[in-house]
Every structure is written in structure tokens, then in C-alpha cells.
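Here's the structure, in C-alpha cells; my notes come after.
The values are calculated or read from the model by the stated rules, or taken from the named source; none is laboratory data. All values reported here derive from a predicted model rather than from experimental measurement. Heads up, the Cβs are rebuilt from the backbone with ideal geometry, glycines too, and the neighbour counts pull from every protein chain shown. When the accessible area is computed, the model is the full protein with side chains, heavy atoms only, and any ligands, DNA or RNA have been set aside. Shrake-Rupley method; radii C 1.70, N 1.55, O 1.52, S 1.80 Å.
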Amino acid sequence: MCLQLYSVCLEGFLLGKVRYRQLRRWDAQLRRLFGSTVPPFPPKFYLAMTEAMAEERRARLEQYLQNVTLDPNITSSDVFVSFFRKLQQFPEESL
């Protein structure tokens, strides 16, 4: 099994790399606070991913992150800020 890491950039700066499940946990935290105002999170693939599926997921995650950052209530929340702070402080560790 190949571990897929996604680079997370904010305003053109690489903040670190994360796994899909880290983003999924973060999304769950955001949903507890903001409910349906959080954009849809890309679905999990339960089969082995092809290169095309991996690229589709990457593109959907990119769009998700862009959409999340459009909501000032979300971007000013502790959950949002702490996720990116941890990512900057511990880029090689799990969040």
C-alpha cells in the first residue's frame, strides 16, 4: 500500500504535508462547529486507487480547501487556525 501525502499550501506557501485521514478528521471537527456551511468533503475510495483516482482526489481536496478558506467564520475559528499551526510546527508528524 502506498502512503499518499498531500501538500497543503496557503497563499502560495507550503505549510506541510498531510494524509487524507488527517484532513477528514479536521473536516469532522469543522462540521461539529459549522454544520452544513462546511463544503462537501471528497469521498473515500474503498478500492485500490489508480493514478487517475489519486489525481481526482487531489483535485477535489484542493477545491475543498479553497472553498473552506472562503468562509471567514471558519478561517477565524480555533479549529482552523490550530490545524494550520500544527501543520507548520510539525510538518512531518501526524496531526
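Among Leu10, Leu30, Leu14, which is the only one that is surrounded by fewer than 13 Cβ atoms within 10 Å (Cβ to Cβ), within 14 Å of the chain's Cα centre (by Cα) and not small (Gly, Ala, Ser)? Being surrounded by fewer than 13 Cβ atoms within 10 Å (Cβ to Cβ), within 14 Å of the chain's Cα centre (by Cα) and not small (Gly, Ala, Ser) holds for just one of Leu10, Leu30, Leu14, which is Leu14. Residue-level check: of (1) surrounded by 12 or more Cβ atoms within 10 Å (Cβ to Cβ); (2) within 19 Å of Leu5 (Cα to Cα), Glu51 misses just (1).
Can you pull out every residue in region 17-32 that is of a type outside the set (Phe, Trp, Tyr) and under 14 Å from Arg60 (Cβ atoms)?
So in region 17-32, the residues of a type outside the set (Phe, Trp, Tyr) come out as 17-19, 21-25, 27-32.
Once the filter is applied, which keeps residues that are of a type outside the set (Phe, Trp, Tyr) and under 14 Å from Arg60 (Cβ atoms), region 17-32 yields Leu23, Arg24, Asp27.
Determine whether Gly16 is under 14 Å from Val68 (Cβ atoms) and among the small types (Gly, Ala, Ser). When the stated conditions are applied, Gly16 does not pass them.
Among the residues of region 49-62, is there at least one that is outside any helix (DSSP H, G or I), over 11 Å from the mean Cα position of the chain (by Cα) and more than 16 Å from Phe84 (Cα to Cα)? Don't jump to the end; show me each part of the working.
Step one: of region 49-62, the residues outside any helix (DSSP H, G or I) are 49-50.
When the remaining residues are screened for being over 11 Å from the mean Cα position of the chain (by Cα), the result is 49-50.
Checking which are more than 16 Å from Phe84 (Cα to Cα) leaves us with 49-50.
Yes: region 49-62 contains one or more residues that are outside any helix (DSSP H, G or I), over 11 Å from the mean Cα position of the chain (by Cα) and more than 16 Å from Phe84 (Cα to Cα).
May I ask you to say which residue of Ser36, Ser7, Ser82 is outside any helix (DSSP H, G or I) and of a type in the set (S, T, N, Q)? Spell out how you get there, then give the answer.
Details: Ser36 fails: outside any helix (DSSP H, G or I); Ser82 fails: outside any helix (DSSP H, G or I).
So the residue among Ser36, Ser7, Ser82 that is outside any helix (DSSP H, G or I) and of a type in the set (S, T, N, Q) is Ser7.
Within region 54-90, restricting attention to residues that are open to solvent by less than 50 Å² (accessible area, probe 1.4 Å) and touching a residue at least 60 places away in the same chain (Cβ under 8 Å), the residue that is farthest from Leu5 (Cα to Cα) is Phe84.
Take Leu65 and decide whether it is touching a Ser or Thr at 6+ places or on another chain (Cβ under 8 Å) and not in a strand (DSSP E or B). Can you show your working first?
Details: touching a Ser or Thr at 6+ places or on another chain (Cβ under 8 Å): no; not in a strand (DSSP E or B): yes.
The answer is no for Leu65.
Whenever a residue of region 12-29 is at negative phi, its partners that are among the small types (Gly, Ala, Ser), lying with C-beta atoms within less than 8 angstrom and at least six residues away or across chains, give the pairs Leu14/Ser7; Lys17/Ser7; Arg19/Ser94; Gln22/Ser94.
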